Amino acid sequence: MDIQIRGVQKHYGSFHALRGIDLDIASGELLALLGPSGSGKTTLLRAIAGLEPLDGGQVKFGDIDATGLSVQERKVGFVFQQYALFKHMTVFDNIAFGLSVRPKKERPDTATINKRVRELLELVQLGGLEKRYPAQLSGGQKQRVALARALAIEPRVLLLDEPFGALDAKVRKDLRRWLRSLHRETGYTTIFVTHDQEEALELADRVVVMNRGVIEQVGTTDEVWDAPSTPFVYDFLGTPNVLPARVERGALLLNGATATLATAGAAPEGPVNVYTRPNELRVVGDDDTAALAGKVVETQRTGLLLRLGVKLLSSGDVIEIELPHPDPAVQRWQIGDSIRVRPSRYSLFPRAVATATEESGYDPTLTVTEHRERSRT
Amino acid sequence: MPGLTPTLGFTLFYLGMIVLIPLAGVFFKASGLGFAGLWKVITSERVLAALSLSFGAAAIAAVLNAIFGAIVAWVFVRYEFPGKRLFDAFIDLPFALPTAVAGIALTALYSENGWIGSVLAHAGIKVAYTPLGIIVAMTFIGLPFVVRTVEPVLREVERDLEEAAATLGARRWQTVLRVIAPAVFPSLVTGFALSFARAVGEYGSVIFIAGNFPMVSEIAPLLIIIKLEEFDYKGATAVAATMLVLSFLLLLTINLLQAWVRRRV
């Protein structure tokens, strides 16, 4: 089922957690909400589930306006970060819970519930463990029970909050692959929250990058990697070099006119920041007049990459370059060597003259959960 | 395991000195009566009445405490209200108050010319100097046991669980009944057992409000004192030994019940 989100607003006390979110999710899509803690990604997920009452805006499931519906009426499958399994119930009873609490006339008979639970156990590859209690399961198994429990009610959408957050790296990788194939098999519209960019980009059809209650960018893995639309997205997906520059009459002046690069498309006139990733910088010869000259101040070999710290002669800033290594074409760089580099790809963003001050009531040392708790009391 | 011998040795020595030897003394003294004599003492009408009053009233008080203690714990965990910390401190008062003070205060309140007693007297209910008064005193001293055992467990029940139940379509009463109650139940049983044990052994706060009429409102611990004052040491220890065995059996049963519940959690 497709989901439409329009102008969704949420405050916790004076903390503005969601600032007018608009988002369309196609039926059957696997979507990631990606962002740092405090970005509002979990709040948005909970708002879709109806676990957070909204201060404004609308959530629609297909043609159904879900805004006024209770959590129970929304019929969403929600998988919690810490699984939230019922500890006193067996795996079987956990999965059957959603069916067994239905009002009498809608409740399937025992045989149907049995059959359904067994199908789900097979689907999540936990056949034979139905009599176990959650305490007797591994983290990955608990996660799959939580998923089966959510699927039992045949939800309109499947929502997962940091689904792999509490698992170790190996299990996480396996579960990720498995979830991808499960999604292909079942076709549920699925939204998951993560702060792990790798997870989001590997798993999702589209990624929603969020920051401080707004959506920074929505796009496929390729789109957010190749064309980050804001400095935040650049920063969040890797560690770009930021070079102050100016655009004058359509030309980019880098480092006080020492280097001129063709501007990509229509660039804003005036002060800008050039964002370029360490692997997008190329070492060039002395004849390249648009290059940035500098000195190597740091070399570090990490696996198949060589990282160089380069101190620019013009500004004294240190930028980082990544070169493939070993590479016969690459000379053995030593600290103190002169080097000339040039960005092969970059993006320009207008440079704010003064940064906006923090909005009142926003305490960056508090997590969203703490804001949520505070506003409850 | 290094240090096992000294620590285990100390534990057993301590347990022996403080608990086991005095208890053994009770049985040793009581055994002086012989089986027939013992049986005669504990089946005498007055002793039977006192024992059933002590255990019966304690059971009723513990049930009341389990119900209302659970509600109090719920309120403390889930709600914020002005003066919460003050109320929180009040809960522990029965722990700290000298029991005689509690007894005198309760008697003053519930006697026929006391604040509460006079109102109840109009309704024809007599509290002080009746078994009802004993239940009131036992409930008073037992409440913190339930509140303080249930509270931390209830705090541990994650909101996630309730939200998970709601997303699965469970209505509120289903969540309370099927998700929260089973999680809290073992601690409630513990609180019940502690409150019950305390009430059975309670002396100071009860004897003032009980009136202590033989066969009506005379509790077993008081009967032990009476027998001691009559220099009937063997009779006194016979009653004491009976209370001990009964208490032990009850606590054992409760513990087994709890172990059975825990195994499923």
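Condition check ((1) more than 14 Å from every other protein chain (Cβ to nearest Cβ); (2) in a helix (DSSP H, G or I); (3) touching a residue at least 60 places away in the same chain (Cβ under 8 Å)) across all residues:
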{"position": "A:L99", "(1), (2), (3)": "no, yes, no"}
{"position": "A:N114", "(1), (2), (3)": "yes, yes, no"}
{"position": "A:V117", "(1), (2), (3)": "no, yes, no"}
{"position": "A:L120", "(1), (2), (3)": "no, yes, no"}
{"position": "A:L126", "(1), (2), (3)": "yes, no, no"}
{"position": "A:A146", "(1), (2), (3)": "no, yes, yes"}
{"position": "A:R149", "(1), (2), (3)": "no, yes, yes"}
{"position": "A:L167", "(1), (2), (3)": "yes, no, no"}
{"position": "A:R176", "(1), (2), (3)": "yes, yes, no"}
(message) Cβ-Cβ distance below 9 Å, separation of 6 or more or different chains: which pairs start in the stretch B:93-107 with a residue that is under 9 Å from B:V206 (Cβ atoms) and end on one that is acidic (D, E) and outside any helix (DSSP H, G or I)?
(response) B:T99/B:E202
(request) Find the residue count for the stretch B:142-190, including only residues that are aliphatic (A, V, I, L, M), at the interface with chain A (Cβ under 7 Å from one of its Cβ atoms) and touching a residue at least 60 places away in the same chain (Cβ under 8 Å). (result) 1
(request) Determine, yes or no, whether A:R107 is within 11 Å of chain B (Cβ to nearest Cβ) and of a type in the set (K, R). (result) yes
(message) Take the residues in the stretch A:178-227 that are part of a helix (DSSP H, G or I) and in contact with a Ser or Thr (Cβ under 6 Å, 6 or more places away or on another chain); name whichever of them is farthest from A:A152 (Cα to Cα).
(response) A:L201
(request) Quick one: A:Q81 ticks every box in (1) part of a loop (DSSP other than H, G, I, E, B); (2) facing chain B (nearest Cβ under 10 Å); (3) in contact with a Ser or Thr (Cβ under 9 Å, 6 or more places away or on another chain); (4) without any contact (Cβ under 8 Å) to a residue 24 or more places away in the chain except a single one, so which number is it? (result) (4)
(request) Report, by residue number, each residue of the stretch B:222-265 that is over 19 Å from B:F28 (Cα atoms) and in contact (Cβ under 8 Å) with a residue 12 or more places away in the chain. (result) B:L222, B:L223, B:L250, B:L251, B:I254, B:N255, B:L257, B:Q258, B:V261, B:R262, B:V265
(request) Report yes if A:A32 is in contact with a His (Cβ under 7 Å, 6 or more places away or on another chain) and assigned to a strand (DSSP E or B), otherwise no. (result) no
(message) Please go through the stretch A:35-78 and give me each residue that is exposed (fewer than 15 other Cβ atoms within 10 Å of the Cβ), outside any loop (DSSP other than H, G, I, E, B) and at the interface with chain B (Cβ under 9 Å from one of its Cβ atoms), ordered by number.
(response) A:E73
(message) Criterion first (at pLDDT below 85 and in a strand (DSSP E or B)) does A:A245 satisfy it?
(response) yes
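Can you list the helices (runs of 4 or more DSSP H) lying wholly within the stretch B:85-164 that have 2 or more residues being within 16 Å of the chain's Cα centre (by Cα) and farther than 30 Å from B:F213 by Cα?
Working: elements: B:93-96, B:99-110, B:115-122, B:131-156.
Helices (runs of 4 or more DSSP H) meeting the threshold: B:131-156.
The values are calculated or read from the model by the stated rules, or taken from the named source; none is laboratory data. Owing to the predicted nature of the structure, the values given are computational and were not obtained by experimental measurement. Reconstructed Cβ throughout: ideal geometry from the backbone, glycine too, with neighbour counts over all protein chains shown.
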